[in-house]
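Structure first, commentary second.
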Amino acid sequence: MSILSLDFLQFVLITLAIYYLLPGRLQNLSLLIASYYFYYTWNHYHPLLLFGLTILVFGLGHWLHRAGRGRRLILVLGILLNVGLLLWFLIGGKTLYNTLPDAQRFDLLPLLILPVGLSYYALNSISYLIDIHLRLIKPTSNLIDFALYLAWYPKLISGPLERARRFLPQLAEKRRLSDQDLASNLTLILIGLFRASILAGLLALYLPSVPLLAPSDYGNPVLLWALVTYAFYLYNQFAGYTDIVRGVSGLFGIQLSRNFNAPFFSKDVSDFWQRWHISLSQWLRDYIYLPISRAFLRRNPSRNNIPNLIVPPMATMLISGLWHGANWNHLLWGALIGLFIVLENLRALGRPAVVEAAIPLRRRISERLWLILLMTIATVPFVLDLKQTLIFFVKLIHGWDGQMFDLRPIWVIALSLLVDWIQHRHGDELIFRTWPAWARTVLLATIPLAVIVVIHLQSAPPVFIYP
Amino acid sequence: MDRNQVLQKVREFTLNELLKNPNYDLKDDEPLFSSGLIDSFAMAQVGVFIETEFNLYIPDPELTVENMDTINQITDKILAELAAQQ
């Protein structure tokens, strides 16, 4: 069931009605049943996997909390369980799928293809166990709440990644939805629809997919422009999706984390990673980057020590690449981002820090354009396989072959940047709520209408799954 | 160790190691990470500094911008952890 579908709208309305009709003690159970039904609509077998993992991690959490000696061993067991599942589907299942005859392949399909959402609930399980090990949280004694933490349908398919210590307390308390909360969450859904359906929808219509599929036939301006268009398409699709699911979750009184903060206004690649897919970046920072970086700093406390500057970002970004897809091209993508961060670290060596406001405007603009170019280039191995990536880069190095690119996406990209700029400038993603009544009325009337028009223009309803 | 002593150590470390500018006019409540003055990846240095200087281990997920954005906040976190140890 796609988030951008009438089926999903019906599903949300029905679950909301049931939720608010039930007494408080049954509300979480109703959300859990709804979440498992939602997952069932994606695949009939994968809810069983989620249920099995939920029971195991719930038990491991309690065992870890009570254990005296051997706590580290229990933690390692829990991490191996989740990482093993991920690796099985990312590598083992895929390899087996390619070697089996068609008939067997079909029978074993649920065991071979990566279940949607597993990339998220496996990381949620790992951070839950690590936080218990670090004694930052106690395991919940409520199995329904814990199962809902992993399965909550607005975040199940493509995040955001939530931490148990922020999510579980919300389930334990009585949730109320004030008029202000209702307005905020509906605004968030409207902004999300604007991004995912209108901006991403229009960019999808314009997206010159041919240069991305057959880069050898095109010159570098066409290729670069196709990449820029794709980068903004992906951003609006993902950011819009997140806004919608956050708004939907908020209607039940459950707040989900913000996942994007005007990433194309970042000053450098490190800054970009703190504004793009924030919940994943923070997860990687807390459970991969910081432990590695601290281990290196303990051996040599100087940040100027070269291994301290290189190993933690490279290792983190390679793991990020693997999480996005166990392919050579995704590893190359991770390595490329890691390399950009390492180069920034080396460039900053011995340089004093400067307040952003003290940097001249011209330099700030050129830094941002440079960043968009870098992130656009990094998109190549994210989209294409290794062979096509190499062809793409070779063609990019070659000169202009006289072909002109389609300029139509430029106004959609400008609109996307304008929305980001307004939110970023006011430090408030819901700033549109404070606009004059006439402006809000125009937005309220035109956005749903434009969504219908753009969906009508598309040949098939968009389905968004990330990664 | 009183609050002022802890704050001075944190200030010295921030100016010399994080900002690399001992002459910077740093306010006690000036945001370091959320303002972009220092990127949050430098939080690892803060963690190791607290380990070596105060013999305290702050878990990685606790090293957040929300908890430790200013030298006042870092100082308070150290004092709270020291108090919890006693």
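Please verify whether the stretch A:264-284 includes one or more residues that are within 24 Å of A:ALA151 (Cβ to Cβ), within 14 Å of chain B (Cβ to nearest Cβ), touching a Pro at 6+ places or on another chain (Cβ under 6 Å) and touching a residue at least 60 places away in the same chain (Cβ under 8 Å). Yes: one or more hits. Of all residues in the stretch A:363-374, those that are within 18 Å of A:ALA414 (Cβ to Cβ) have Cβ atoms under 8 Å from Cβ atoms of residues that are at pLDDT 90 or above and of a type in the set (Val, Ile, Thr), 6 or more apart or on another chain, in A:LEU371/A:VAL269. Quick check on the stretch A:400-417. Is at least one of its residues acidic (Asp, Glu) and either outside the structural domain of A:SER197 (by TED's automatic domain parsing) or without any contact (Cβ under 8 Å) to a residue 60 or more places away in the chain (or both)? For the stretch A:400-417, residues acidic (Asp, Glu) and either outside the structural domain of A:SER197 (by TED's automatic domain parsing) or without any contact (Cβ under 8 Å) to a residue 60 or more places away in the chain (or both): absent. For A:SER257, indicate whether it is of a type outside the set (D, E, K, R), under 30 Å from A:ILE18 (Cα atoms) and in contact with a Leu (Cβ under 6 Å, 6 or more places away or on another chain). So A:SER257 fails the test.
Filtering the stretch B:64-86 to residues that are surrounded by 21 or more Cβ atoms within 10 Å (Cβ to Cβ) and aliphatic (A, V, I, L, M) leaves B:MET68, B:ILE71, B:ILE74, B:ILE78.
Does the stretch A:332-353 include one or more residues that are modelled with pLDDT of 90 or more and in contact with a His (Cβ under 8 Å, 6 or more places away or on another chain)? Yes. When A:ASN236 is tested against the conditions (1) assigned to a helix (DSSP H, G or I); (2) within 14 Å of chain B (Cβ to nearest Cβ), the lone failure is (2).
When the helices (runs of 4 or more DSSP H) confined to the stretch A:316-426 are screened for residues that are out of contact with any Cys (no Cβ under 9 Å at 6 or more places or on another chain) and within 30 Å of B:PRO22 (Cα to Cα), those reaching at least 2 such residues are found at A:328-347, A:361-383.
Based on this model, can you work out whether A:PHE296 counts as at the interface with chain B (Cβ under 9 Å from one of its Cβ atoms), aromatic (Phe, Trp, Tyr) and either over 15 Å from the mean Cα position of the chain (by Cα) or crowded, with 21+ Cβ neighbours inside 10 Å (or both)? Against the criterion (at the interface with chain B (Cβ under 9 Å from one of its Cβ atoms), aromatic (Phe, Trp, Tyr) and either over 15 Å from the mean Cα position of the chain (by Cα) or crowded, with 21+ Cβ neighbours inside 10 Å (or both)), A:PHE296 qualifies.
Yes/no matrix, rows are residues, columns are (1) under 30 Å from A:TRP88 (Cα atoms); (2) assigned by TED's automatic domain parsing to the domain that holds A:ILE292; (3) in contact with a Leu (Cβ under 8 Å, 6 or more places away or on another chain):
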residue	(1), (2), (3)
A:GLY321	yes, yes, yes
A:HIS330	yes, yes, yes
A:GLY338	yes, yes, yes
A:LEU346	no, yes, yes
A:ALA353	no, yes, yes
A:ALA357	no, yes, no
A:LEU361	no, yes, no
A:SER366	no, yes, no
A:VAL383	yes, yes, yes
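Any residue in the stretch B:30-53 that is away from chain A (no Cβ under 11 Å), within 13 Å of the chain's Cα centre (by Cα) and among the charged types (D, E, K, R)? No, the conditions are met nowhere in the stretch B:30-53. Just one of the numbered conditions (1) at pLDDT below 95; (2) touching a helix residue (DSSP H, G or I) at 6+ places or on another chain (Cβ under 8 Å) is not true of A:ALA34: (1). Using the structure shown, decide if A:PRO291 is under 23 Å from A:LEU90 (Cβ atoms), within 14 Å of chain B (Cβ to nearest Cβ) and in contact (Cβ under 8 Å) with a residue 24 or more places away in the chain. Criteria not met by A:PRO291. Residues in the stretch A:128-162 that are closer than 17 Å to A:HIS65 by Cβ and within 14 Å of chain B (Cβ to nearest Cβ): A:TYR128, A:LEU129, A:ILE130, A:ASP131, A:ILE132, A:HIS133, A:LEU134, A:ARG135, A:LEU136, A:ILE137. Suppose we keep only residues that are within 23 Å of A:ALA262 (Cα to Cα) and among the aromatic types (Phe, Trp, Tyr) within the stretch A:324-377. Which one would you say is surrounded by the most Cβ atoms within 10 Å (Cβ to Cβ)? Per the stated criteria, the residue is A:TRP333. If you check A:GLY24, A:GLY78, A:GLY92, A:GLY61 for being surrounded by 12 or more Cβ atoms within 10 Å (Cβ to Cβ) and in contact (Cβ under 8 Å) with a residue 60 or more places away in the chain, only one passes: A:GLY61. Within the stretch A:427-444, the set of residues being among the charged types (D, E, K, R) and part of a helix (DSSP H, G or I) comprises A:ARG433, A:ARG440. For B:ASN67, indicate whether it is under 21 Å from A:ARG303 (Cβ atoms), more than 10 Å from every other protein chain (Cβ to nearest Cβ), not aliphatic (A, V, I, L, M) and not in a helix (DSSP H, G or I). Considered against the rule, which asks whether it is under 21 Å from A:ARG303 (Cβ atoms), more than 10 Å from every other protein chain (Cβ to nearest Cβ), not aliphatic (A, V, I, L, M) and not in a helix (DSSP H, G or I), B:ASN67 comes out as yes. For the stretch B:1-41, taking the residues that are acidic (Asp, Glu) and not in a helix (DSSP H, G or I), the one that is surrounded by the most Cβ atoms within 10 Å (Cβ to Cβ) is identified as B:ASP39.
Taken together, A:ASN308, A:ASN304 contain a single residue that is outside any helix (DSSP H, G or I) and in the same structural domain as A:VAL380 (by TED's automatic domain parsing), which is A:ASN304.
Here's the yes/no breakdown for (1) closer than 30 Å to A:PHE272 by Cα; (2) without any contact (Cβ under 8 Å) to a residue 40 or more places away in the chain:
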site	(1), (2)
B:ASP25	yes, yes
B:ASP29	yes, no
B:PHE33	yes, yes
B:GLY47	yes, yes
B:PRO59	yes, yes
B:ASP69	yes, yes
B:ASN72	yes, no
B:ALA84	no, yes
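Taken residue by residue, the stretch A:102-123 has at least one member that is under 18 Å from A:ILE55 (Cα atoms), touching a residue at least 60 places away in the same chain (Cβ under 8 Å), away from every other protein chain (no Cβ under 14 Å) and hydroxyl-bearing (Ser, Thr, Tyr).
The values are calculated or read from the model by the stated rules, or taken from the named source; none is laboratory data. In this text, all values refer to a predicted model and were calculated from it rather than measured experimentally. Virtual Cβ from ideal backbone geometry, glycine too; neighbours counted across all protein chains shown.
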